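Everything on this sheet refers to the single structure shown next.
Just so it is clear, none of the values below were taken in a lab; they were calculated from the coordinates. Keep in mind that this is a model prediction, so the values were computed, not measured. A quick note on method: Cβ atoms are made from the backbone with ideal geometry, for glycine too, and the neighbour counts reach across all protein chains shown.
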Amino acid sequence: MLNRRDLIKLGLYGGTAGMLHLTRLDSGVLAWALDEVNRNSGSEWKPLAAVTPFTQALPLPPVIQPVNPSQLPGVQIIPGATYYEVRMREGTAQLLPGMPTYIWGYQGTYLGPTFDARIGETTVVRQHNDLGVTTIVHHHGGHTPGISDGAALQSQRVQPGSFKDYIYPNDDDICATHWYHDHDLDFTGHNVFMGLQGCFLLHDAVEDELNLPGGPGDPAQQGKMPFDLPLVLQDRIFDFNNQLSYNPFGHDGCIGDHFLVNGAIQPSVRVANRKYRLRFLNGSNARFYQPSLSNGMPFHMIGSDGGLFSKAADAKSFLIGPAERYEAIVDFSKLKVGAHVYLNNCMAQTNGRAPDGLSSFCTNAHPGLDGIGSLLRFDVVESLRDPSTFTPGQTLRPDLPNFSSRPVDVTRHWLFERSNGAWQINGQFYDPNRIDARVKLNTTEVWVLQNGGGGWFHPVHIHRNQFQILDRNGQAPGPLEGGLKDVFVLGAGDTVSVITYYNGNAQVGNYVMHCHNVEHEDMRMMMRWTVS
Amino acid sequence: MKSDMPRLASIAIVVVAGVSVALLPVLAERPPAGPISPIDYQAYTSRALREHFPNVPLVTQDKKTVRFYDDLIKGKVLIIQFMFTNCEQFCLTVTPNLVRVQTELQKRGARGVTMISITVDPVHDTPGVLKEYASKFHVQPGWQFLTGQKSDIDQIRRGLGVYDPDDKKIEHMNVLTIGKESSGQWLAIEGLAKPDDIVQTVLSLTANSARPDQMGSRLANH
């Protein structure tokens with residue numbers, strides 16, 4: 001006899017609301033889940049089905065394919081531009097054993113497709129909102145005109161059933177690991193938690209010349225994993241029906257007890273005994289991670305938010321706050337086929353206030369709420385020739401822009417603190433109708449970002465530009481903060497000074513700066529600024 | 001297992017009825033671009049969030065006993081404020097700010113937005129004291145002031161994430177909780193935000209996502 005699960009698979013589940021659900025599998029999942037909730041209300045707590053760690057293969061979000069602009073009625077025609085069409089819609093993902101999880105995604109997948117573009121190549125993306133909620137798409141890290149930046153403004157909202165064409169000139173200084181994610185006013189936390197995130201990679205000729213793993217000179221074999229892997233780290237909470245359980249009243253920051261890499265819980269990835277380029281992206285709402293490798297191998301760190309470093313630097317582990325990116329070369333060439341290496345998180349965190357501290361023993365196959373344990377397993381399964389080149393400590397980008405050599409036109413101070421029951425910037429909450437700074441084009445500004453205390457961590461993100469860190473608490477930045485960045489972790493009591501040059505005649509209009517603990521952001525720890 | 005049997009039977013009937021009545025027309029009119037069907041998610045989220053709204057008794061300024069979830073939250077779009085009448089800090093400015101919000105909402109014809117203010121000092125703030133407070137600020141109908149058991153009110157604050165045991169009275173005092181129960185959409189905003197900003201936020205919530213116009217016609221077509 002058919003059970004509910006079979007009915008779902010067949011798309012025939014009626015559920016409580018009856019016929020409507022016949023239209024969609026996705027709706028069927030929720031009807032099933034709602035039935036379960038009603039059936040179980042008042043009964044005893046029921047545990048989630050546990051995932052056996054390292055049994056799922058690391059997913060690789062597909063690279064999105066361009067469309068002909070003639071398929072996009074009314075789109076602006078820009079010579080040389082590449083056109084894409086994306087639908088933000090509902091979908092399901094098999095994240096846990098048993099009932100599928102209902103998600104919101106770009107193209108309906110839990111982690112959206114990856115954009116691959118060259119510096120200087122204009123990308124036009126038509127984003128359709130097929131969801132029932134408003135959305136705003138932010139190109140995080142991009143040097144983007146205000147109209148396409150996707151800041152949390154009413155005017156930027158894409159209404160359900162509507163679409164918006166985002167135009168990205170991609171005239172950034174250097175290649176980088178950017179991303180795109182939802183930025184809706186007041187609802188970013190919920191929307192990104194449901195899956196509205198994806199990678200946006202920029203490449204350039206200098207990067208090609210370096211011949212790093214996974215570059216044009218080091219293509220993947222047919223059907224196998226590439227040697228350049230994005231690793232999107234997320235923590236999530238599920239209810240007992242395997243559904244994503246977002247708490248809109250958890251203002252301190254959403255901390256999960258399930259750990260996903262590229263949209264799979266604790267997956268494993270088959271690698272060859274050679275060099276890989278790993279692009280770490282912290283896509284969690286409020287959690288900080290400290291990745292390390294179980295066999296003590298170093299990460300050869302090669303880049304941060306805004307692209308490659310001037311020089312590679314080794315690290316046994318590194319702190320990565322919400323929305324930060326770090327790139328590393330990991331060399332498995334000394335390992336035998338059959339070896340396993342675990343990517344561990346050694347930073348404990350149990351609430352949105354701040355990380356709790358480092359753990360010295362972090363090989364734990366079943367991380368709990370504190371997050372200590374193995375996020376991913378590398379399985380060395382074969383020997384492969386390695387045509388890529390990389391030497392630890394090598395020079396990467398001698399051409400990095402040096403904003404700090406420019407005369408400073410304006411210095412602004414921003415105090416991030418808990419006050420009046422939430423978190424403010426310079427004593428004010430975000431008001432989308434108020435402009436807090438007006439930046440003039442072709443000027444150099446220093447922004448001093450200060451944490452007002454109370455023990456809260458704030459990963460501060462500034463839109464539009466990449467920045468150079470001048471100092472952290474009066475000290476020159478360490479090797480991992482010497483490159484270009486757009487997110488700055490303000491630990492308790494930290495003060496970080498950053499500098500940039502506001503060039504780009506197209507990059508005018510409205511932008512924001514905010515805490516990228518997205519629950520703090522939704523509580524309006526944000527300010528609006530303009531460039532003209 | 002035992003209790004599952006009749007359920008499965010009833011599901012089978014629904015499915016059979018559904019297939020015969022609705023499957024063909026539904027497939028035929030299925031829009032190619034992916035339909036907007038927020039109803040299920042909203043219903044599910046709304047159900048999942050119920051534990052955040054304890055159904056405790058509260059007393060209005062008119063001495064009427066109401067239940068927090070059943071009478072104040074369920075099916076409503078609302079603004080929730082916590083206050084106390086002796087408050088000399090935020091509430092003194094937040095309440096007049098909310099009066100401007102109420103006036104503006106009425107001016108824009110936004111019907112069905114409920115405002116509730118719950119005292120965190122219920123021993124002092126009796127219904128009579130609250131009634132006097134409301135009339136002092138010229139509060140219009142559609143905005144209730146509530147008192148009750150301190151433990152019940154604390155439970156409500158914990159549910160809404162606006163409770164801090166270290167600083168019971170002041171902490172989160174000026175944070176307004178705004179939401180729409182039927183869709184499970186909730187947000188928090190400062191009580192001293194510009195009335196225009198608060199009004200825009202509430203209006204985008206009433207306009208957003210329910211889309212009863214569209215869903216109504218879709219349902220009717222089925």
### Task
Give the total of Lys-Lys pairs in chain A with Cα-Cα distances below 22 Å; include a pair only if its members are 8 or more places apart or on different chains.
12
### Task
From zero up to wherever the largest Cα-Cα distance of the range A:326-483 sits, split into 5 Å bins and tell me the percent of pairs in each.
1, 6, 10, 12, 13, 14, 14, 11, 8, 5, 3, 1
### Message
Among DSSP bridges having both ends in the range A:403-531, what percentage is antiparallel? Round to the nearest 5.
### Response
75 percent
### Summary
Inverse of <1/r> over all distinct C-alpha pairs of the protein assembly as shown, i.e. the Kirkwood Rh in Å, gives 27.3 Å
### Query
At a Förster radius of 60 Å, what calculated FRET efficiency corresponds to the Cβ-Cβ distance of residue A:205 and residue B:149, to the nearest 0.05?
0.30
## Note on the structure
For the residue B:62, residue A:122 Cβ pair and Förster radius 45 Å, calculated FRET efficiency rounded to 0.05 is 0.10
### Query
Fewest to most neighbouring Cβ within 10 Å: what's the order for A:374, A:294, A:383, B:151?
B:151, A:383, A:294, A:374
### Summary
Once the dipole of the range A:387-503 is set up from charges on Cβ (+1 Lys and Arg, -1 Asp and Glu), the residue from the list A:410, A:423, A:396 lying farthest towards its positive end is A:410
## Note on the structure
The answer for trypsin sites (Lys or Arg not before Pro) in the range B:81-168 that fall in a DSSP coil and have at most 16 neighbouring Cβ atoms within 10 Å is B:108, B:111, B:168
## Note on the structure
For the range A:34-125 the chymotrypsin sites (Phe, Trp or Tyr not before Pro) that pass both the DSSP coil test and the at-most-14 other-Cβ-within-10 Å test are A:45
### Task
Convert each backbone phi in the range B:148-156 into a coupling constant with the Karplus relation 6.51 cos²θ - 1.76 cosθ + 1.60 (shift: θ = phi - 60°), then list the ³J(HN,Hα) values in order as whole Hz, x for Gly and Pro.
x, 6, 4, 5, 5, 5, 4, 5, 4
### Message
For a test of the definition: using alpha carbon positions, the gyration tensor, and the 1.5 limit on a/c, classify the range A:228-382 as rounded, prolate or oblate.
### Response
prolate
### Summary
Cys residues of chain A with no disulfide-compatible partner (no other Cys Cβ under 4.7 Å) are A:175, A:199, A:254, A:515
### Task
Would you kindly work out the equivalent ellipsoid of the range B:48-207 from its C-alpha gyration tensor and give its semi-axes, the square roots of five times the eigenvalues, largest first in whole Å?
21, 18, 16
### Query
What lysines sit close enough to residue B:63 to cross-link, taking a C-alpha to C-alpha distance under 19 Å and skipping anything fewer than 8 places away on the same chain?
B:131, B:136, B:150
### Query
Got the relative contact order for chain A handy, in percent, Cα pairs under 8 Å and 6 or more residues apart?
13 percent
### Query
Where the only charges are on Cβ atoms (+1 Lys, Arg; -1 Asp, Glu), what is the dipole of chain A about its Cα centre, to the nearest 20 debye?
520 debye
### Task
With both partners inside the range A:71-189, how many of the DSSP beta bridges are antiparallel, as a percent to the nearest 5?
70 percent
### Task
Provide the net charge surrounding residue A:451, with neighbours chosen by a C-beta distance below 9 Å and charges set as Lys +1, Arg +1, Asp -1, Glu -1.
-2
### Query
For the pair residue B:47 and residue A:495, how long in nm is the line joining their label points, each one 7 Å along Cα→Cβ?
5.4 nm
### Task
Quick one: net charge around residue A:75, please, counting Lys, Arg +1 and Asp, Glu -1 for every other residue with C-beta under 14 Å from its C-beta.
0
### Query
Which residues make up the longest stretch of chain A clear of trypsin sites (Lys or Arg not before Pro) that lie in a DSSP loop with no more than 14 other Cβ atoms within 10 Å, not counting the sites?
A:1-223
### Task
Could you work out the mean count of beta carbons from other protein chains within 10 Å of each residue's beta carbon in B:193-205?
3
### Task
Counting only DSSP beta bridges with both residues in the protein assembly as shown, tell me the antiparallel percent, nearest 5.
70 percent
### Query
Where Lys and Arg each count +1 and Asp and Glu each count -1, what net charge lies around residue B:181 among other residues with Cβ under 15 Å from its Cβ?
+3
### Pairwise FRET efficiency - residue A:443 versus residue B:132, Cβ, R0 = 45 Å, nearest 0.05
0.20
